[in-house]
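To start, the structure under review is shown below, and the notes come after it.
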Amino acid sequence: MKPLPDVVTKALAFTRAGLSRPSEVPARIRARIESGGSGGPGGRYEAVGGGVALVRLHELLGAPYPCQGCDGFEQVWAAVRARVTGRAAGVEPHDADRLLALLVWTATRHVRPQAVVETGVARGLTTACILAALEANGTGRLWSIDLPPIAARWRTETGSAVSDTGRERWTYVRGPSRSRLKQVLREAGPVGVFVHDSLHTAPNMRFEFECAWPPLVRGGVLIADDIDDNDAFGRFFSSAPEVAGWLAVKEADKDAIAGIAVKTASRPDGGA
């Protein structure tokens, strides 16, 4: 028997997903419409390499570099990769690259947040690194919002990089960020680190930045993956209030650019 055409396979998967979780259908349709449109111009950034990004991130956080806070990442990354090796054929395009994970690890170690919120999980490489950083800090909790891909294997692949012990600090919230993020931000309380890695369309990214930036703690960090898909990141942080600085980073393992924005550590009037 000949394999079904790709378009038919995707249509069947979409139908099965809709039948099993009807409440998610509107969000999936909206995502397909937004992803299929022009979405405006792609983001044009002068992106720096990983080494420069780490130095700049430490400068914005007022922390020395190199530092002990960054120690331990390589062991964590090796363990995370080992937990997903062989679970899916080839390189999973939804996975975070090593540099993105390192930047998130570094921000979490230095900010020492009581709460971290991320959108997008996939196999959970970034998720696992955040949880390991919180464990190293000895404090904090992670809330992850995720609407998994419709392929059947994501019933078991979602979050597969997260260790059993890491799950003690983890709250997984299934659904699109458009309907879940505001409530999660209220529940989490003061958020020190926010990570966008969900639907990379301009409307969705603008929504997440507009929701997450105002309640982010002073000195907090917002990190977004794939900012070159559109110009939402640059437009927002070029005019957002209380931005200590932001930069674009060329990811090492995939053709993508990540963005980092750090909130000022003091009020505009000079108060703490």
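How much length would be gained if the chain were fully extended between residue 206 and residue 266, taking 0.36 nm per residue of separation minus their Cα-Cα distance, in nm to one decimal?
19.1 nm is the gain from fully extending residue 206 to residue 266.
Would you mind counting up the charge near residue 198? Only other residues with Cβ under 15 Å from its Cβ, with Lys and Arg at +1 and Asp and Glu at -1. Mind showing how you got there, number by number?
Numbers: positive: 28, 30, 32, 123, 174, 178, 180, 182, 206; negative: 24, 34, 95, 118, 146, 197, 208, 210, 225, 226, 229.
Value of the local net charge: -2.
I'd like the accessible area for residue 77, computed on protein heavy atoms only with a 1.4 Å probe and all protein chains in place. Round to 10 Å², please.
30 Å²
With no solvent and one point per C-alpha, what does the Debye sum give as log10 I(q)/I(0) for segment 213-272 at q = 0.13 Å⁻¹?
Results for segment 213-272 at q = 0.13 Å⁻¹ read -0.36.
In segment 127-272, what % of DSSP beta bridges are antiparallel (nearest 5)? Show your work: numbers first, answer last.
Working: 11 of 21 bridges.
Antiparallel bridges make up about 50 percent of those DSSP assigns within segment 127-272.
Within segment 41-85, name every residue whose backbone N is under 20 Å away from a label modeled 7 Å from Cα of residue 112 along the Cβ vector.
57-73
For the residue pair residue 238 and residue 182, what label-to-label distance in nm results when each label sits 7 Å from Cα along the Cα-to-beta-carbon direction?
2.8 nm
Can you work out the PRE-style zone for residue 35? Point 7 Å along Cα to Cβ, and I want the residues of segment 121-136 with backbone N under 14 Å.
121-122
The values are calculated or read from the model by the stated rules, or taken from the named source; none is laboratory data. Everything numeric here is computed off the predicted structure, so don't read it as measured data. FYI the Cβ positions are ideal-geometry reconstructions off the backbone, even for glycines, and counts take in every protein chain you see. SASA here: full protein model, heavy atoms, side chains in, ligands and nucleic acids out. Shrake-Rupley method; radii C 1.70, N 1.55, O 1.52, S 1.80 Å.
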